[in-house]
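Since the structure comes first, as structure tokens, the remarks are kept for the end.
The values are calculated or read from the model by the stated rules, or taken from the named source; none is laboratory data. None of these values were measured; they are calculated from a predicted model. Cβ coordinates were reconstructed from backbone atoms using ideal geometry, including for glycine residues, and neighbour counts include every protein chain displayed.
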Amino acid sequence: MISVDPDRFLADLHRLQSFGAANPGLGSGKGVVRPAYSDPDIAARRWLAGRMEEAGLAPWFDPVGNLFGLADAERGMLLGSHSDTQPEGGWLDGALGVIAGLEIARAARAAGRQDLSVVSFQDEEGRFGVTTGSAIWSGQLPLNEADSLTSPDGESFAAARQRMADLAGDWIAPGRFAGFLEMHIEQGPWLDRAGEAVGVVEAIVGIRDMTITFKGQQNHAGTTPMAGRRDAFQALAAFNAAIAERFANVVTPQTVWTIGHVALHPGAHSVVPGRAAFSMQWRDSDTDRLARMERIIRDTADEIARARGMTVDLGRMLGLDPVAMAPGIVEACAAAAEEAVPGRWRRMPSGALHDATNAARHMPVGMLFVPSKGGISHDFAEDTDEADLVRGLQVMAAAVDRLGPG
Ligand code: GLV
Ligand code: MN
Ligand code: MN
Ligand code: MN
């Protein structure tokens, strides 16, 4: 029996929150600013490596800054998530899964089980791509291709990972692990609304993500007649409206798409923008639907550029296909949930991405969710009651117990 220590778990979770904690004086609550490869991210990973070592695990950084806490046993499950955050992130997204994994591996060792390893993947939040660290580790994204990716602030992945070069060791082969289990906050409203304590994930949706750039003619905002302007922002606005209309026949209520980052060039009140570069991301559980949406995006961008005498660049598309969780892990989690919170849990899909998607290329994976207050995440306001955090930890430990060593 793995007997976890809720106080030690919560203390570690709060300590991790202190790396990059946003200023509470500004009303940002428990929010965190700890993007991948920032100083707080690297400091947090160094601290985590120390905590792993104290727990009897061997800390190991790979060439992109994924941090493993390796168990002695040659084979066993991997537990964890990521410890980087969005530019304005919550304190639990990723951190919860890493600290829950650490606590369970630590408690298991005390009970004589030495097979559980822990991980904090790097750049799950996609400063450079889509779940970058675990995508590279799993072979989904070749390292030489990743190196040329750039963040919205213009840094290359090659330059960013160089900041952890003094820590970097060799790759850890995914084949060493018998499975991957990740606890996470739900990041959506369903558990909180229903007053349920646990979600057992059955599948993670797929994602496509690219940068689109309309190029028109930069010009004087006072003297250039409206008729005949080649305003890159107006092309973006027309594109946004047109895809919403064209998607209508293709999408389901679960399909989502987001333009989350826009850069107008040169970005001045008195200049008609000559260039509009923006992120275009879409997610769905069906790869055919993702492909149909891609065709609409490409055709619409081309038509709008042509009609306005502009050009459009469609950048490299990154993506992950939808994945199903392994039935054996799902059933272990479901049985543990039913025992801990009878009738107060559900099976559900994940609309958020997770490192488990990449791990699934090599091993059976599973995920457990705990409620997100108000369904808010990727925001400083993200939060979960401590009682729910601890219950999630206990359910995960019970699931690991049921799955057994190896
Ligand atoms: C990452 O958190 C994502 O789901 O986009
Ligand atoms: Mn996350
Ligand atoms: Mn996230
Ligand atoms: Mn995520």
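Entry remark, region 151-177: residues being surrounded by fewer than 17 Cβ atoms within 10 Å (Cβ to Cβ) and not acidic (Asp, Glu) number 13 in total. Total residues in region 108-132 satisfying the condition of being more than 30 Å from Gly315 (Cβ to Cβ) and assigned to a helix (DSSP H, G or I): the figure is 3. Here is a check on your reading of the model: is Asp383 under 16 Å from Ile99 (Cβ atoms), out of contact with any helix residue (DSSP H, G or I) (no Cβ under 7 Å at 6 or more places or on another chain), more than 16 Å from ligand 4 (Cβ to nearest atom) and outside the structural domain of Gln254 (by the TED database)? Criteria not met by Asp383. Only one entry in Asp123, Asp84 is closer than 18 Å to Glu186 by Cα, within 15 Å of ligand 2 (Cβ to nearest atom) and touching a residue at least 12 places away in the same chain (Cβ under 8 Å), namely Asp84.
Suppose the filter is within 16 Å of ligand 1 (Cβ to nearest atom), more than 30 Å from Gly76 (Cβ to Cβ) and not in a strand (DSSP E or B); does Gln254 pass it? So Gln254 fits the description; yes. Would you point out the residue of region 349-380, among those that are over 25 Å from Pro253 (Cβ atoms) and among the small types (Gly, Ala, Ser), that is surrounded by the most Cβ atoms within 10 Å (Cβ to Cβ)? Per the stated criteria, the residue is Gly366.
Remark: Glu103 falls outside the filter, which requires a residue to be among the acidic types (Asp, Glu), surrounded by fewer than 24 Cβ atoms within 10 Å (Cβ to Cβ) and more than 16 Å from ligand 1 (Cβ to nearest atom).
Could you say which residue among Ala397, Ala387, Ala324 is within 21 Å of Ile204 (Cα to Cα) and either more than 16 Å from ligand 1 (Cβ to nearest atom) or in contact with a strand residue (DSSP E or B) (Cβ under 8 Å, 6 or more places away or on another chain) (or both)?
Ala324
Restricting Val323, Val365, Val400, Val312 to those that are more than 30 Å from Thr150 (Cβ to Cβ) and not charged (D, E, K, R) reduces the list to Val400.
Restricted to strands (runs of 3 or more DSSP E) entirely inside region 148-239, those with at least 1 residues that are closer than 22 Å to Ala301 by Cβ are 206-215. Within the group Gly69, Gly90, Gly112, which residue is of a type in the set (Gly, Ala, Ser), modelled with pLDDT under 95 and either in the same structural domain as Pro174 (by the TED database) or farther than 21 Å from Gly31 by Cα (or both)? Unique residue meeting the criteria: Gly112. The strands (runs of 3 or more DSSP E) falling completely within region 303-383 that include 2 or more residues that are charged (D, E, K, R) and touching a residue at least 24 places away in the same chain (Cβ under 8 Å) map to 345-350.
Against the condition of a type outside the set (Ser, Thr, Tyr), closer than 27 Å to Phe369 by Cα and not assigned by the TED database to the domain that holds His184, how does Asp313 come out, does it pass? No.
One residue stands out among those in region 262-290 that are assigned to a strand (DSSP E or B) and among the aliphatic types (A, V, I, L, M): the one that is surrounded by the fewest Cβ atoms within 10 Å (Cβ to Cβ), which is Val262. Please state which one of His362, His378 is out of contact with any Lys or Arg (no Cβ under 9 Å at 6 or more places or on another chain), over 18 Å from Glu196 (Cα atoms) and within 16 Å of ligand 4 (Cβ to nearest atom). The match here is His378.
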